[in-house]
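The values are calculated or read from the model by the stated rules, or taken from the named source; none is laboratory data. Keep in mind that what you see is a predicted model, and the values were worked out from it rather than measured. All Cβ positions, glycine included, derive from the backbone under ideal geometry; neighbour counts span all protein chains shown. Just so you know, the surface numbers come from the protein's heavy atoms only, side chains and all, with ligands and any DNA or RNA stripped out. Shrake-Rupley method; radii C 1.70, N 1.55, O 1.52, S 1.80 Å.
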Amino acid sequence: MTWQEFIQTESKQDYFLKLQAFLEDDRQKFVIHPKENQVFKAFELTPIDELKVVILGQDPYPTPGHAHGLAFSVESDVRPLPKSLQNIFKEVSANFDSPIPQNGNLEHWSRQGVLLMNSVLTVRSREPKSHANKGWEQFTDAVIRLLNEQGQKIVFILWGNDAKKKQILLNNPNHLVLSGLHPSPLSVHRGFFGCEHFKIANNWLEKNGIKPIEW
């Protein structure tokens with residue numbers, strides 16, 4: 001199954017029709033992030049059969065100009081980088097003794113097989129979690145169930161409480177599940193720094209004969 005086929009199937013479900021109606025109404029009243037044509041960008045850049053890693057977050061950046069359809073990523077010209085992304089880059093740097101990137105666009109991760117997905121795919125501008133419990137969680141649960149059934153080996157990285165709720169859906173011994181605290185400034189010093197998720201993921205991929213990610 002392709003992502004296009006999966007999304008078409010889900011879009012006919014009752015919950016998704018209600019979600020679409022809510023989004024259409026909300027777009028008329030508020031500024032919604034990301035742009036409508038970027039909501040499914042993560043799926044467009046990372047086909048199922050090329051997928052190696054899933055990084056799961058909470059919901060898109062509510063700051064204008066930040067969200068562009070990939071969890072934690074921003075467009076190349078965004079400065080300063082969001083704090084969560086700065087913390088992610090610090091952890092990558094610590095894992096591989098590499099320089100900290102200044103460009104926050106993570107499309108090069110997506111094109112290597114990293115699905116950058118939030119539990120909720122849209123948000124009102126400047127209102128974090130404003131689109132929680134509207135149907136997106138049901139959609140992303142279905143994504144995780146589909147990937148759990150895949151034959152290829154996948155690393156699932158779950159950051160924060162919203163992402164950790166998906167762990168119950170992951171029971172395929174083919175896969176590796178890593179869960180931890182969200183990289184936000186509120187929790188980064190309580191265990192995100194030092195989690196070594198990037199290094200662990202790459203070591204596991206290599207051990208299974210899969211080309212590691214160039215983080």
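Just one residue in the set Pro183, Pro212 is within 19 Å of Asn118 (Cα to Cα) and touching an Asp or Glu at 6+ places or on another chain (Cβ under 8 Å); that residue is Pro183.
Considering segment 86-107, and only residues there that are surrounded by fewer than 22 Cβ atoms within 10 Å (Cβ to Cβ) and either among the hydroxyl-bearing types (Ser, Thr, Tyr) or within 14 Å of the chain's Cα centre (by Cα) (or both), the residue that is nearest to Ser73 (Cα to Cα) turns out to be Asn105. Considered as a group, the residues in segment 120-134 that are of a type in the set (S, T, N, Q) and closer than 15 Å to Asp25 by Cβ include one that is most open to solvent (accessible area, probe 1.4 Å), and that residue is Ser130.
Taking each residue of segment 54-78 that is open to solvent by less than 20 Å² (accessible area, probe 1.4 Å) and looking for partners that are of a type in the set (Asp, Glu) and not in a loop (DSSP other than H, G, I, E, B) with beta-carbon atoms closer than 8 Å, six or more apart or interchain, yields Gly57/Asp162; Leu70/Glu107; Ser73/Glu107. Looking at segment 165-186, can you tell me whether even one residue there is without any contact (Cβ under 8 Å) to a residue 40 or more places away in the chain, among the basic types (Lys, Arg), assigned to a helix (DSSP H, G or I) and out of contact with any Cys (no Cβ under 6 Å at 6 or more places or on another chain)? No - not one qualifying residue is present in segment 165-186.
Answer with yes or no whether Phe156 is part of a helix (DSSP H, G or I), open to solvent by less than 50 Å² (accessible area, probe 1.4 Å) and in contact (Cβ under 8 Å) with a residue 40 or more places away in the chain. Show your work before the answer.
On the way: part of a helix (DSSP H, G or I): no; open to solvent by less than 50 Å² (accessible area, probe 1.4 Å): yes; in contact (Cβ under 8 Å) with a residue 40 or more places away in the chain: yes.
When the stated conditions are applied, Phe156 does not pass them.
Here Pro82 passes the criteria (1) surrounded by 15 or more Cβ atoms within 10 Å (Cβ to Cβ); (2) touching a residue at least 24 places away in the same chain (Cβ under 8 Å); (3) within 22 Å of Gln38 (Cβ to Cβ) except the one numbered (2).
Once segment 11-53 is narrowed to residues that are aliphatic (A, V, I, L, M) and touching a Lys or Arg at 6+ places or on another chain (Cβ under 9 Å), the residue that is most open to solvent (accessible area, probe 1.4 Å) is Val31. Six or more apart or on different chains, Cβ under 8 Å: which pairs go from a residue in segment 6-18 that's closer than 22 Å to Pro47 by Cα and in a helix (DSSP H, G or I) to one that's open to solvent by less than 30 Å² (accessible area, probe 1.4 Å) and of a type in the set (Gly, Ala, Ser)? Could you list them? Pairs that qualify, where the first residue is closer than 22 Å to Pro47 by Cα and in a helix (DSSP H, G or I) and the partner is open to solvent by less than 30 Å² (accessible area, probe 1.4 Å) and of a type in the set (Gly, Ala, Ser), are Phe6/Ala142; Glu10/Ala142; Phe16/Gly135.
Assuming Leu176 fulfils every condition listed in (1) out of contact with any helix residue (DSSP H, G or I) (no Cβ under 7 Å at 6 or more places or on another chain); (2) open to solvent by 20 Å² or more (accessible area, probe 1.4 Å); (3) more than 20 Å from Pro62 (Cβ to Cβ) apart from one, which condition is it? Every condition holds for Leu176 apart from (1).
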